[in-house]
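S.K.: Please see the structure below; I have some questions.
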Amino acid sequence: MSVARFWRKQQNRYNLIGTHCTTCGKYFYPPRAFCPDCRRDGKIVEHQFKGTGKVVTYSIIRSSSGNFKLLTPYVLAIIELDEGSRLTSHIICEIDKVYIGMPVKRVFRKLGEEGSSGAIHYGTKFVPA
Amino acid sequence: MREVAVIGVGCTKFGEKWESSFRNLFVEAGALALEDANISGEQIDEIFVGNMSAGRFVEQEHIGALIADYAGLATNNIPATRVEAACASGGLSFKQAYTAVASGMSDIVVAAGVEKMTDVGTEVTTDVLAAAADREWEGIAGVTFPGLYAMIATDYMHRYGLTREQLAQVAVKNHENGAKNPNAQFQKPITLDTVLNSTLVADPLRLFDCSPVTDGAAAVILAPLDRAREFTDTPIKVLGAGQASSTIALHDRKDISTIDATVAAGNRAFKMAGVERKDIGFVEVHDCFTIAEICAIEDLGFCKKGEAGRLTEEGQTAIGGKIPINPSGGLKACGHPVGATGIKQVYETVKQLRGDAKGRQIDTEIGMTHNVGGTGATVVCHIFGRA
Amino acid sequence: MVGIISYGAYIPRYRIKVEEIARVWGANGTEISRGLGVYEKALPDMDEDTITISVEAARAAMARRKVDPVEIGAVYVGSESHPYAVKPTAVTVGEAIGATPVMTAADYEFACKAGTAAIQTSMGLVKSGMVTYSVAIGADVAQGEPGDALEYTAAAGGAAMIIGNKDPIAEINHTCSFTTDTPDFWRRENKPYPRHGGRFTGEPAYFKHVVGASKLMLEKMGTKPSDYTYAVFHQPNGKFPVQAASMLGFSMDQIKPGLAVTYLGNTYSGASMVGLSAVLDNAKPGDRIFMTSYGSGSGSDSFDITVTDVINSDLFNRDAAPTVSALLADKKLVDYAVYAKHKGKVVMME
Ligand SMILES: [Zn+2]
């Protein structure tokens, strides 16, 4: 991911900053600038998520590419944050420990890098809570 | 709207085609379709071509023009359009072609699909395919396509008690069908043990749960129904078309195990066709992974949620069963040249309805196709019948 | 008075036994462990580095106390393993704790004492009124060449101290330093591993500076070792700090609570600050802490610290972040092959 493209969403990735529709009360992480329920009636404000949630579903990735090659095998999961929004993340735990419903919390980790001389991407991943 | 029929079909053999370039693949399929329809290039009014990622697979964009040129039709200045919706590019190309003919805008239209995947290494392929998901919020988390479908499988198995064996049976059945399809990449039957003992790719999915990396192209020719008999004695009528979209990211779906765009696209196609599920003789579904076929059978309404595993296990989805699924061998055995798959489904359906599907023939008058982009962010369904 | 507003430590989960490293080099692990007073060392996960460790430590400090990030006017990170040669670690930390943009920031390097140098700078900024809070971090994913003596101890971890003068949990009564040009240990630009002067790192380097700074402090404050509840000395291994303590007249009881190195290894810039964190994990109001860091090259920073009532008040919640001993207890032992993979010694093609 190019420097500008990563930087644009850096605050969101570092601090789980998503959005919140004050019209219907829904929370969005990844952030949405437009509420899919309220559409033009939606009023969107920034929201910092607490960073806790639970595993909705998961897989153990045994074959990957690029930045994830060294991490293989790793746990990939869909997580539902306590505020109700869902996201996809690498979960850092033993591959045989993950289960549906497992409580998780955020941690700050390297997400990848543009090769050994390029920019390093940091952001949020999850560990068992 | 005018009624539309398919008057000619062509498909290359699918597989690792080291000798064939991107453009040769297309020309080969196109020529076969023209021959089948017994028409010449000058008679074609317009071309649509489904292609997911020539830009990254062969570093070529501007596919519409390239194809018109190498098909020898640039001299006619033919309109040529590339259609992209990840793995649903082919199905969507067909829908665009159908719309062009139905609207009266064009008469003789080619709907094609082509993908040349083996000119790059496996790692690049993995990465290109992952771009069908949300790059910004799924890709960066380390998703792979098998990984996304594996998460569907985990959720599905947890909720509906689908067994690993039932899932494996999807692959066994599709290989069985593929063995009778001369265009299939894999023409060898496999056993449950082959699937169950294959390498884990993304738990719970194993290598034999996944469709392979494939080169291939397919092309079909559409015409207004009232002109169809100028070209063929066995025109196949387009009864219904349905397209739907859903969230690009799997995590935003209300129900991980229900591809809601399949439900919507299927319903739209059925409504337009004015036929019932029981009228359908077979379906070519998008089995990029075994779990995808299980979900598709249910989401298209052929059984209740949670029952497709049992249906498969009982042989009801095999040729001769209650609702045969993927008589061609599906993506699993035919291979999955992403942009071509949707057109190959139409090719198989036309062959079946004409009674030309030697060795795997199903006796029916109505068939259906189901083509999925990404994890179900785009779905295109078509229903066909003998004219 | 200026002091520590909050603190937090972070230690990655992975450990390797000194014996396992010795096995690879055909050395006597038992003997080496005993000689060094180090039995295990922490290593980073593959997606951890000095930046992620610094952020986790800073967030632990923020979790223990409600500090408005907007009031953080400075972030300094001391390390000798900053992920970038040019581009500060401190800005990522600042952004990840919500302190940007109205703040100053810089990375420090002074071998193993860069973290305490950051504390001193922070004290200056707070005392002068330039900032309300300043975050001082010492963290490393320490490098040691395969097969070199350093490999047995070079570890990953770090600690963060929020420095300020509004109700500190511990007042810093005084700090002083002892610095000379002593070539006992260095790493040249573009080299992956440091080199060192072997036994030269002892007497003319570590001991001269640690003892030098400590004596300066005792003199300046008019105190004697027995006036302190705890003492923390830089801990490149388990032996040097014990020896320095005994040279100065501190007892084993005084240094033991802050001696994290035994099952952690040397976290370089993090070492004395993780030791201080371990002491603060158990400290009571009124406890007096003596700390002297050491950085090769060489210098030592001494601190005289008094724990206040605030540590037990509602303003501070020690349980909101894991203690050093809890971090040390949550571990996963790995073999040398996994260690090599984690430390980037397995080179992948780009
Ligand atoms: Zn809303």
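S.K.: Of the residues A:Ser59, A:Ser64, A:Ser89, A:Ser117, which is in a strand (DSSP E or B) and without any contact (Cβ under 8 Å) to a residue 24 or more places away in the chain?
M.R.: Numbers: A:Ser64 fails: in a strand (DSSP E or B); A:Ser89 fails: without any contact (Cβ under 8 Å) to a residue 24 or more places away in the chain; A:Ser117 fails: in a strand (DSSP E or B).
Answer to the check: A:Ser59.
S.K.: Spot the failing condition for A:Ser89; the list is (1) within 13 Å of chain B (Cβ to nearest Cβ); (2) within 16 Å of the ligand (Cβ to nearest atom); (3) surrounded by 20 or more Cβ atoms within 10 Å (Cβ to Cβ), and only one is missed.
M.R.: Unmet for A:Ser89, out of (1) within 13 Å of chain B (Cβ to nearest Cβ); (2) within 16 Å of the ligand (Cβ to nearest atom); (3) surrounded by 20 or more Cβ atoms within 10 Å (Cβ to Cβ): (2).
S.K.: Out of C:Ser296, C:Ser325, C:Ser300, I need the residue that is touching a His at 6+ places or on another chain (Cβ under 7 Å) and either in contact (Cβ under 8 Å) with a residue 60 or more places away in the chain or farther than 30 Å from C:Arg188 by Cα (or both). Which one? Before the answer, list the steps.
M.R.: Details: C:Ser296 fails: touching a His at 6+ places or on another chain (Cβ under 7 Å); C:Ser325 fails: touching a His at 6+ places or on another chain (Cβ under 7 Å).
Checking each option against the conditions leaves just C:Ser300.
S.K.: Hey, can you tell me all the residues within the stretch A:18-47 that are away from the ligand (no atom under 13 Å from the Cβ) and within 13 Å of chain B (Cβ to nearest Cβ)?
M.R.: The first filter runs over the stretch A:18-47 and keeps only residues away from the ligand (no atom under 13 Å from the Cβ), leaving A:18, A:29-31, A:46.
Across the stretch A:18-47, the qualifying residues are A:Gly18, A:Tyr29, A:Pro30, A:Pro31.
S.K.: To continue, here is another question. Just checking, does the stretch C:188-196 include any residue being surrounded by fewer than 24 Cβ atoms within 10 Å (Cβ to Cβ), aromatic (Phe, Trp, Tyr) and in contact (Cβ under 8 Å) with a residue 60 or more places away in the chain?
M.R.: Checked against the condition, which is being surrounded by fewer than 24 Cβ atoms within 10 Å (Cβ to Cβ), aromatic (Phe, Trp, Tyr) and in contact (Cβ under 8 Å) with a residue 60 or more places away in the chain, the stretch C:188-196 yields no hits at all.
S.K.: Okay, next question. Limited to the stretch B:267-290, what total is found for residues that are in contact with an Asp or Glu (Cβ under 7 Å, 6 or more places away or on another chain) and in a helix (DSSP H, G or I)?
M.R.: 1
S.K.: When both residues are 6+ apart or on different chains and their Cβ atoms are under 9 Å apart, which pairs have a first residue that lies in the stretch A:22-45 and is closer than 17 Å to A:Leu87 by Cα, and a second that is among the acidic types (Asp, Glu) and near the ligand (Cβ under 8 Å from one of its atoms)?
M.R.: Final answer for the pair search is A:Lys26/A:Asp37; A:Cys35/A:Asp41.
S.K.: Looking at the structure I just gave you, is A:Gly115 out of contact with any Gly (no Cβ under 7 Å at 6 or more places or on another chain), over 30 Å from C:Met349 (Cα atoms) and more than 16 Å from the ligand (Cβ to nearest atom)? I'd like the intermediate steps shown before the answer.
M.R.: Numbers: out of contact with any Gly (no Cβ under 7 Å at 6 or more places or on another chain): yes; over 30 Å from C:Met349 (Cα atoms): no; more than 16 Å from the ligand (Cβ to nearest atom): yes.
So A:Gly115 fails the test.
S.K.: Given B:Thr262, B:Thr258, B:Thr234, B:Thr247, which one is without any contact (Cβ under 8 Å) to a residue 60 or more places away in the chain and either among the hydroxyl-bearing types (Ser, Thr, Tyr) or under 20 Å from A:Thr57 (Cα atoms) (or both)?
M.R.: So the residue among B:Thr262, B:Thr258, B:Thr234, B:Thr247 that is without any contact (Cβ under 8 Å) to a residue 60 or more places away in the chain and either among the hydroxyl-bearing types (Ser, Thr, Tyr) or under 20 Å from A:Thr57 (Cα atoms) (or both) is B:Thr258.
S.K.: Going through the stretch C:292-349 one residue at a time, which ones are over 25 Å from C:Lys166 (Cα atoms), surrounded by 18 or more Cβ atoms within 10 Å (Cβ to Cβ) and among the polar types (S, T, N, Q)?
M.R.: C:Ser293, C:Ser296, C:Ser298, C:Ser300
S.K.: Moving on. Could you check, for the stretch B:143-151, whether at least one of its residues is under 22 Å from the mean Cα position of the chain (by Cα), more than 7 Å from every other protein chain (Cβ to nearest Cβ) and in a strand (DSSP E or B)?
M.R.: no
S.K.: Let me ask another. Give the stretch B:88-125 a look and list any residue that's farther than 22 Å from B:Met1 by Cβ, polar (S, T, N, Q) and surrounded by 21 or more Cβ atoms within 10 Å (Cβ to Cβ), or say none.
M.R.: Within the stretch B:88-125, B:Ser89 is the sole residue that qualifies.
S.K.: Sticking with this structure for a sec: Restricting attention to the stretch C:63-98, report how many residues are more than 24 Å from A:Ala119 (Cβ to Cβ) and either of a type in the set (S, T, N, Q) or under 20 Å from the mean Cα position of the chain (by Cα) (or both).
M.R.: Residues meeting the conditions: 3.
S.K.: Still on this structure: It is to be established whether one or more residues within the stretch B:86-95 are assigned to a loop (DSSP other than H, G, I, E, B), modelled with pLDDT of 95 or more and either in contact with a strand residue (DSSP E or B) (Cβ under 9 Å, 6 or more places away or on another chain) or more than 9 Å from chain A (Cβ to nearest Cβ) (or both).
M.R.: yes
The values are calculated or read from the model by the stated rules, or taken from the named source; none is laboratory data. These numbers come from a predicted model, not from an experiment. Methodologically, a virtual Cβ is constructed for each residue, glycine included, from the backbone with ideal geometry; neighbour enumeration extends over all protein chains shown.
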